[in-house]
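A.B. asks: Before I ask anything, here is the structure I am working with.
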Amino acid sequence: MKQKKFIFISALSVILLSACSSDKAVSETAKLYNIGAIIPVTGDNKDLGISIKQGAMLAIDEINENGGIDNGEEYRLDLVVANDESESKYADYAYESIKKDGIHAVIGLIENEECSMLSLTNFLDNM
């Protein structure tokens, strides 16, 4: 469990460090950069999933309030959540459902089986 939390915190740190430090909020005309979160919001691990969602939203809100991400163009972050119901067998379905929303990155996947299964899929999708 500690390793899973460390991986999640590391991923959020990368997102935060890549943010442009500015005193202005991201504009409404900024391009949208969707981050997919495949997490359990029901089932045995729902408490961890809800914490992941809340932490990710805090990070995203802070980044957007400080100008978003500037990579030559301005980007506003958004979180797209899919519930894997604390069951690795639903991870692929959850991934396919958020992929339709044009996600650019994926966080979550707290079960080892989920990570193994979707790592190859993400790689093939250039995620």
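A.B. asks: Exactly one condition in (1) of a type in the set (S, T, N, Q); (2) outside any loop (DSSP other than H, G, I, E, B); (3) at pLDDT 80 or above; (4) over 12 Å from the mean Cα position of the chain (by Cα) is false for Gln54; which is it?
C.D. replies: (4)
A.B. asks: Could you tell me how many of the residues in region 52-84 are surrounded by fewer than 19 Cβ atoms within 10 Å (Cβ to Cβ) and at positive phi?
C.D. replies: The qualifying residues number 1.
A.B. asks: Hey, another quick one. If I filter region 68-83 for residues that are within 23 Å of Leu32 (Cα to Cα), among the basic types (Lys, Arg), in a helix (DSSP H, G or I) and modelled with pLDDT of 85 or more, do I get at least one hit?
C.D. replies: No: region 68-83 contains no residue that is within 23 Å of Leu32 (Cα to Cα), among the basic types (Lys, Arg), in a helix (DSSP H, G or I) and modelled with pLDDT of 85 or more.
A.B. asks: Shifting gears a bit: Suppose the filter is among the acidic types (Asp, Glu), buried (at least 17 other Cβ atoms within 10 Å of the Cβ) and at pLDDT below 90; does Glu114 pass it?
C.D. replies: yes
The values are calculated or read from the model by the stated rules, or taken from the named source; none is laboratory data. Small disclaimer: the values here were computed from a predicted structure and weren't measured. Neighbour counts run over all protein chains shown; Cβ positions are idealised from the backbone, glycine included.
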